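Novice: Sharing a structure here in structure tokens format.
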Amino acid sequence: MNYKDYKVEDFLLDEAFIAWAKTADGDAFWQAFFQEHPTQKAIATQARNMVVLAQHQIDQQQKERLKSRILNDLEPEQTIQKRYKSLHALRPYWSAAAAILLLIVGLAWYYTANPYNPFGPDAQQVYHDLVAQADEALIEVHNAENSPKLVVLSDNSSVLLKKGSRLSYPKSFDGLAQREVYLSGEAFFEVAKNPEKPFFVYANELITKVLGTSFTVKAYATDKKVVVMVKTGKVTVYSNQKASIQTAESVTRSTDGVVLTPNQQIYYNRSDAQLFKALIQKPALQDLGSAQFLSFEFDDAPLSKVLQLLEQAYGVDIVYDEELLASCKLTASLADEPLFEKIKLICLSIDAEYEIIDAQIVLSSKGCM
């Protein structure tokens, strides 16, 4: 087969490709082919996604919407004949080709309606399922306004609910083993400390556990990612792919939780159900009570002391080869620069580069003369 010239519709008419898309049989052949013809990988991936998605049933209401959308969006016959003339050459298989065309148009509509993950559960439905499983009656607040809405919970924890977001919570946490709330959308939490009663935020696919801290959760149903960002304190984030409520004990025993400290965040990619830890875009000074008195004016200062000060001020880990950079000195004024600008200026002065790996700043350099 001349796969290097294939378009999406050609892959969808190829039995060998369809068999691989459904079962991954012959994966070694396709991986070798993509390595040799990388430009075809995106086209084949699109076709494979269509094959996989076609195996999922669409309810009758979706079918009716699909039918209406197809009838409204189909191009004039002459245009279709010109674009898909290769299909007309397959006259013995025209009925199959017509069905594939219908599938392509229909799936294009489905992808548009479900941009972040056509194979996973509907995130809005995840929220409703979680709320339905709660053991106690819940109050739901929906912020339909443009400005954030403040919600104060019975333990004096506060939630700043962003536009379009929903929060469900019990009227009182008294008599409950843990404090549990449910979020779809975005909110900033300031949780009252209570070591005896941990606080859980169920935000669609993620569970965030805290004892007392402040953090932001962003879990809109239509976003590609769910994000948790920590401002103060420490939180532990767990994947909740099955959309079922775990007990405090089972979450505590879980081994796949990710601990976040200030200036750190975690991304949950809905497309592949993976968690990624990173630094927030603009790390802030940690303790303004003491950090505001720190001096970022350096005069022939050892690099190790400079980096140690930055770690202390921002609560981040900076990884570098201490022996290789032992002779490096720094003379600079970094007082008015945000953290990453400080790091960039340091790198320029010692001919180094940096990257962010697992929420750590990693410096690479050949050393100082």
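The values are calculated or read from the model by the stated rules, or taken from the named source; none is laboratory data. Keep in mind that this is a model prediction, so the values were computed, not measured. Note: ideal-geometry Cβ built from the backbone for every residue, glycine included; neighbour counts use all protein chains shown. Calculation scope for accessible area: heavy atoms of the full protein, side chains included, ligands and nucleic acids excluded. Shrake-Rupley method; radii C 1.70, N 1.55, O 1.52, S 1.80 Å.
Novice: Return the total of residues in the range 341-369 being free of Cβ contacts under 8 Å to residues at least 40 places away in the same chain, surrounded by 15 or more Cβ atoms within 10 Å (Cβ to Cβ) and not in a helix (DSSP H, G or I).
Specialist: Qualifying residue count for the region: 2.
Novice: Let me ask another. Looking at the range 17-30, which of its residues are open to solvent by 60 Å² or more (accessible area, probe 1.4 Å) and at pLDDT 80 or above?
Specialist: Of everything in the range 17-30, just one residue is open to solvent by 60 Å² or more (accessible area, probe 1.4 Å) and at pLDDT 80 or above, namely Phe29.
Novice: Go through the range 1-16 and give me each residue that's open to solvent by 90 Å² or more (accessible area, probe 1.4 Å) and in contact with a helix residue (DSSP H, G or I) (Cβ under 8 Å, 6 or more places away or on another chain).
Specialist: Met1, Lys4, Lys7
Novice: Report, ordered by the first and then the second residue, all pairs with beta carbons closer than 8 Å, sequence separation of six or more or different chains, a first member in the range 324-340 that is open to solvent by 70 Å² or more (accessible area, probe 1.4 Å), and a second member that is of a type in the set (A, V, I, L, M).
Specialist: Lys329/Ala301; Lys329/Leu303; Thr331/Ala301
Every residue, every condition in (1) free of Cβ contacts under 8 Å to residues at least 24 places away in the same chain; (2) open to solvent by 10 Å² or more (accessible area, probe 1.4 Å); (3) within 23 Å of Pro283 (Cα to Cα), yes or no:
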site	(1), (2), (3)
Glu190	no, yes, yes
Pro198	no, yes, no
Gly212	yes, yes, yes
Thr216	no, yes, yes
Thr222	no, yes, no
Val226	no, no, yes
Lys234	no, yes, yes
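Residue-by-condition table, conditions (1) crowded, with 23+ Cβ neighbours inside 10 Å; (2) at pLDDT 90 or above; (3) in contact with a Pro (Cβ under 6 Å, 6 or more places away or on another chain):
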{"site": "Val152", "(1), (2), (3)": "no, yes, no"}
{"site": "Val159", "(1), (2), (3)": "yes, yes, no"}
{"site": "Lys162", "(1), (2), (3)": "no, yes, yes"}
{"site": "Phe173", "(1), (2), (3)": "no, yes, no"}
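Novice: Which of the residues belonging to the range 163-182 are assigned to a loop (DSSP other than H, G, I, E, B) and either touching a residue at least 40 places away in the same chain (Cβ under 8 Å) or closer than 20 Å to Asp129 by Cβ (or both)?
Specialist: Gly164, Ser165, Leu176, Ala177, Gln178
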